[in-house]
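Here the structure comes first, spelled out in structure tokens, and everything after it is commentary.
The values are calculated or read from the model by the stated rules, or taken from the named source; none is laboratory data. These numbers come from a predicted model, not from an experiment. Every residue, glycine among them, receives a Cβ derived from its backbone with ideal geometry; neighbour counts consider all protein chains shown.
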Amino acid sequence: MKQITNIVLSGVGGQGILLASKLVSEAALLEGYDVKANEVHGMAQRGGSVIGQIRFGKKVFSPLVKLGSAHILLAMEIIESIRYAPYLSPTGLALVNTQRVIPTTVSSGQAEYPADPEGLVKQTFPRFQMADCLAIAKEAGDTRCTNTVMVGWLSNHLPFSAESWQKVLEQCIKPKFISMNLKAFALGRKIS
Amino acid sequence: MEKVVLSGNEAFARGAWEAGVNIAAAYPGTPSTEILENLVKYPDVYCQWSPNEKVALEFAAGAALAGARTLACMKHVGLNVAADPLMTLTYIGIKGGMALIVADDPGMHSSQNEQDTRHYARLARAPLLEPSDSEEAKEYIGLAYEISEQFRTPVILKSTTRVSHSKGVVAIGERKPHKADGYEKNPQLYVPVPIYGRKMRVALEERFQKLQEYACAMPQNMIVERSNDLGIITSGIAYQYAAEIFPEASFLKLAMPFPFPDDLIIKFSKTVKRILVVEELDNFLEEHVRSLGIAAEGKKYIPGIGELSLDVLEEARKKFEGKTDTAKPAVKPAPKVPPRPPVFCPGCPHRGVFYEISKLKPVVIGDIGCYSLAVFPPLSAMDMILCMGAGISSAHGAQKADTGQKIVGVVGDSTFFHSGITGLLDIGYNKGKLVIFVLDNRSTAMTGHQEHPGTGRTLMGQPTHRASIEAFARACGINRVVRVDPYDLPKLRKVIKDEMDADEASVIITEAPCILIDHSRVKEPMRIDPDECKSCGLCLKLSCPGLEKKEVSGGKFKVEVNPVLCRGCELCVQVCPFGAIKKQGEKS
């Protein structure tokens with residue numbers, strides 16, 4: 001099983017995890033891997049906490065990642081990195097968007113948002129990178145391509161060629177939005 | 001063959017199309033919805049959303065008797081609605097092949113209960129196939145049509161959330177066209193009046209025996225020989241987890257677990273020393289294997305509640321091997337972060353309705369749909385949910401109990417057409433006195449915005465008659481029917497109060513399309529003047545993710561608008577008693 005790469009995506013329903021997951025799975029297929037991915041639909045969206053899981057390798061059985069076994073955790077919202085931290089392997093890498101989306105449980109006084117979420121990321125993950133992907137997406141043209149920025153960032157840590165990514169982006173994104181998303185992907189790739 | 005990445009639901013659609021399906025019907029329900037949404041993209045297939053699952057199954061049965069290859073899809077609880085036709089369809093049988101895809105939701109990701117559809121197969125004596133991933137979803141639906149036509153029976157394909165909503169690599173092929181060859185007049189075969197029905201009952205058992213023989217011989221019910229110390233009997237998604245957790249074990253992998261392939265199970269049991277049945281939810285297989293006199297184990301170690309996963313099975317393996325000491329958990333728990341349950345989207349037309357209802361504190365009998373989210377604080381405006389349609393009929397029952405409490409019922413538009421009309425007929429007929437809200441957002445929103453009889457458009461994109469909720473209500477005998485814009489809070493408030501005070505039944509139809517499909521109401525984000533905001537928190541009672549409570553200092557807070565999320569619906573503007581929330585460009 002060692003040859004299987006496990007990726008966990010986390011964020012808030014509506015942030016574009018489905019597209020991010022599609023881009024990674026299609027790229028894996030293009031590179032000749034067996035791939036399985038799991039997505040959350042329905043009730044779990046609507047602004048709720050959402051997880052996506054992708055596994056690729058020679059032969060993949062389970063579409064779900066085992067706790068403590070993800071090589072990469074890509075979090076689209078800062079505390080959603082913490083929530084899914086148990087999935088990450090002790091040697092895994094957390095890529096964390098510093099964007100904050102305040103849950104209604106905080107706004108209605110039922111819970112508190114951490115005062116220093118960046119500090120919490122530093123405490124929680126032995127290996128991490130943080131970036132403000134929302135700001136980078138704005139630079140690319142629209143906050144809605146935050147997910148593509150993050151896939152660009154993730155691409156630095158996956159063994160797929162630039163040509164495969166290019167092809168997958170062209171294949172999966174509507175022609176109207178392609179140039180903006182290519183820019184977003186390229187900006188994401190520059191994050192280190 | 002070309003290889004593509006498909007979700008289980010996309011693979012079901014692809015497989016049905018390749019198998020020459022002519023006619024397909026469904027009612028949307030997570031996790032089954034995307035099957036028809038994908039099938040409709042292919043040529044030469046008639047696809048429709050039916051008002052409910054019973055209609056979908058009956059419709060597909062009629063087409064199958066006319067010789068068409070047909071498909072009906074639903075979620076597990078949908079089969080409860082469609083159980084009536086299924087139980088007799090296995091008696092009268094079919095002519096063209098018929099596949100019935102039923103998607104279970106172990107773990108209740110998006111459902112009100114956990115149900116194991118395999119029990120229905122036994123009750124109806126219908127064969128059941130259980131694909132474990134996208135590749136098998138595509139393959140098994142073709143197999144379902146073969147079995148269906150060979151044995152003249154509908155075939156159930158059981159999916160689960162993790163099969164339907166996981167993606168995998170699938171080799172795709174060409175379509176093998178099928179032509180419906182017409183209805184054959186043969187009442188002895190198709191009309192189960194007792195004199196014919198009793199013969200059908202006997203024939204059903206004979207067919208069942210033959211299906212059992214088929215199940216023992218089919219190559220997809222497969223033995224994989226490895227170690228003879230341990231044999232795993234499994235089917236569906238459970239196989240995928242078991243394959244990783246017990247890589248050394250021998251496997252009996254069942255593509256068609258029902259009818260139980262007894263001879264194959266007995267043969268397998270003789271090759272291994274110990275048998276573990278790995279199945280999700282109930283002990284359906286295990287119980288049967290034990291009834292054959294085989295000392296199989298299963299639910300003693302593997303939970304019957306919730307879904308399986310690699311983690312759950314790894315834990316089960318430790319117990320199975322007697323390693324219960326498990327000193328300390330290998331995985332470090334995460335620091336606590338605030339929960340983030342799903343909520344009404346910013347700009348949702350339902351929000352204002354529940355905000356106003358919650359202020360009057362009636363008992364709210366709800367229903368299945370996005371509006372179930374009103375249960376969570378701070379709205380806390382949902383007191384009971386049972387099933388599709390119960391938002392009307394159970395509300396009526398609660399009112400008739402006559403306890404002096406104010407009762408209101410709430411259903412959505414798609415739910416109203418699904419099974420709300422009969423409940424409303426009951427209120428009209430039996431003189432109920434309560435308010436029923438129909439939240440008409442012109443969409444089956446929770447499942448991803450499907451058309452329904454009230455939207456004026458079919459699944460295949462054709463404009464059509466738009467069924468009127470108001471006309472239905474009046475036809476049911478409801479005299480007070482009020483239509484109101486749910487974004488106009490003062491008007492909404494007056495309507496709700498007037499109707500709740502009335503001495504007869506009333507239907508309030510709140511009319512505004514789901515904000516996610518109709519963007520015509522989306523406006524510039526609001527802004528909050530920090531000097532005018534008195535931190536009263538009243539706007540936060542709307543439970544809008546676009547309004548964020550930010551600590552300033554010493555436990556004090558201000559509310560800010562998240563401009564990425566705000567859709568400019570202006571509910572908060574109407575709620576703020578200080579005029580602190582403004583439209584863009586509006587002066588402080």
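Some notes on this structure:
- Meets criteria (in contact with a Ser or Thr (Cβ under 7 Å, 6 or more places away or on another chain), touching a residue at least 12 places away in the same chain (Cβ under 8 Å), crowded, with 24+ Cβ neighbours inside 10 Å and within 13 Å of chain A (Cβ to nearest Cβ)) for B:Ile385: no
- On the stretch given as the stretch B:152-177, residues that are touching a residue at least 60 places away in the same chain (Cβ under 8 Å) and either surrounded by 18 or more Cβ atoms within 10 Å (Cβ to Cβ) or within 13 Å of chain A (Cβ to nearest Cβ) (or both) total 18.
- Qualifying residue in the stretch B:165-179 (condition: β-branched (Val, Ile, Thr), in the same structural domain as B:Val45 (by TED's automatic domain parsing), in contact with a helix residue (DSSP H, G or I) (Cβ under 7 Å, 6 or more places away or on another chain) and assigned to a helix (DSSP H, G or I)): no
- The stretch A:1-47, subset modelled with pLDDT under 95 and farther than 28 Å from B:His449 by Cβ, residue surrounded by the fewest Cβ atoms within 10 Å (Cβ to Cβ): A:Lys2
- Test result for B:His119, within 24 Å of B:Val278 (Cα to Cα) and at pLDDT below 95: no
- Qualifying position, being away from chain A (no Cβ under 14 Å), within 18 Å of B:Asp501 (Cβ to Cβ) and assigned to a strand (DSSP E or B), among B:Gly409, B:Gly404, B:Gly432: B:Gly409
- Conditions (1) assigned to a helix (DSSP H, G or I); (2) within 20 Å of the chain's Cα centre (by Cα); (3) more than 14 Å from chain A (Cβ to nearest Cβ): number failed by B:Gly78: (3)
- Taken over the stretch B:1-54, residues that are within 11 Å of chain A (Cβ to nearest Cβ), more than 21 Å from B:Cys370 (Cβ to Cβ), among the β-branched types (Val, Ile, Thr) and crowded, with 23+ Cβ neighbours inside 10 Å amount to 0.
- On the stretch given as the stretch B:112-143, residues that are more than 14 Å from B:Leu86 (Cβ to Cβ) and not in a loop (DSSP other than H, G, I, E, B) total 11.
- In the stretch B:96-116, residue nearest to B:Val312 (Cα to Cα) [restricted to those that are away from chain A (no Cβ under 14 Å) and crowded, with 24+ Cβ neighbours inside 10 Å]: B:Val102
- Condition met for A:Ser25 (at the interface with chain B (Cβ under 9 Å from one of its Cβ atoms) and either within 30 Å of B:Glu2 (Cα to Cα) or touching a helix residue (DSSP H, G or I) at 6+ places or on another chain (Cβ under 8 Å) (or both)): yes
- Among the candidates A:Thr91, A:Thr5, the residue that is polar (S, T, N, Q), under 23 Å from B:Asp311 (Cα atoms), free of Cβ contacts under 8 Å to residues at least 40 places away in the same chain and more than 9 Å from chain B (Cβ to nearest Cβ) is uniquely A:Thr91.
- Meets criteria (loosely packed, with under 14 Cβ neighbours inside 10 Å, free of Cβ contacts under 8 Å to residues at least 40 places away in the same chain, among the acidic types (Asp, Glu) and within 11 Å of chain A (Cβ to nearest Cβ)) for B:Glu560: no
- Filtering the stretch A:58-103 to residues that are over 23 Å from A:Thr143 (Cα atoms) and in contact with an Asp or Glu (Cβ under 7 Å, 6 or more places away or on another chain) leaves A:Lys58, A:Lys59, A:Val60, A:Phe61, A:Ser62, A:Lys66, A:Leu67.
- Of all residues making up the stretch B:450-480, the number that are buried (at least 16 other Cβ atoms within 10 Å of the Cβ), in contact with a Leu (Cβ under 9 Å, 6 or more places away or on another chain) and part of a helix (DSSP H, G or I): 2
Let's see how each residue does on (1) within 30 Å of B:Thr161 (Cβ to Cβ); (2) assigned to a strand (DSSP E or B); (3) in contact with a strand residue (DSSP E or B) (Cβ under 9 Å, 6 or more places away or on another chain):
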{"residue": "B:Leu189", "(1), (2), (3)": "no, no, no"}
{"residue": "B:Met200", "(1), (2), (3)": "no, no, no"}
{"residue": "B:Phe208", "(1), (2), (3)": "yes, no, no"}
{"residue": "B:Tyr214", "(1), (2), (3)": "yes, no, no"}
{"residue": "B:Ala243", "(1), (2), (3)": "yes, no, yes"}
{"residue": "B:Leu252", "(1), (2), (3)": "yes, yes, yes"}
{"residue": "B:Val272", "(1), (2), (3)": "no, no, yes"}
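- Filter pass, A:Val60 being crowded, with 24+ Cβ neighbours inside 10 Å and within 24 Å of B:Pro338 (Cα to Cα): no
- A:Gly11 more than 7 Å from every other protein chain (Cβ to nearest Cβ) and under 21 Å from A:Val168 (Cα atoms): no
- Looking only at the stretch A:28-64, and only at residues there that are facing another protein chain (nearest Cβ under 7 Å) and more than 27 Å from B:Ile368 (Cβ to Cβ), the one that is nearest to the chain's Cα centre (by Cα): A:Ala37
- Residue list for the stretch B:340-367, filter: at the interface with chain A (Cβ under 10 Å from one of its Cβ atoms) and either modelled with pLDDT of 95 or more or closer than 19 Å to B:Asp485 by Cβ (or both): B:Phe344, B:Cys345, B:Pro346, B:Cys348
- Within the stretch B:435-449, the residues that satisfy the criterion of being within 11 Å of B:Cys514 (Cβ to Cβ) and buried (at least 21 other Cβ atoms within 10 Å of the Cβ) are B:Leu439, B:Asp440, B:Asn441, B:Arg442, B:Ser443, B:Thr444, B:Ala445, B:Met446.
- The one condition in (1) surrounded by 22 or more Cβ atoms within 10 Å (Cβ to Cβ); (2) within 15 Å of the chain's Cα centre (by Cα); (3) of a type in the set (Val, Ile, Thr) that A:Thr98 fails to fulfil: (1)
- Here A:Glu112 meets each of (1) at pLDDT below 95; (2) in a helix (DSSP H, G or I); (3) of a type in the set (Asp, Glu) with one exception, condition (2).
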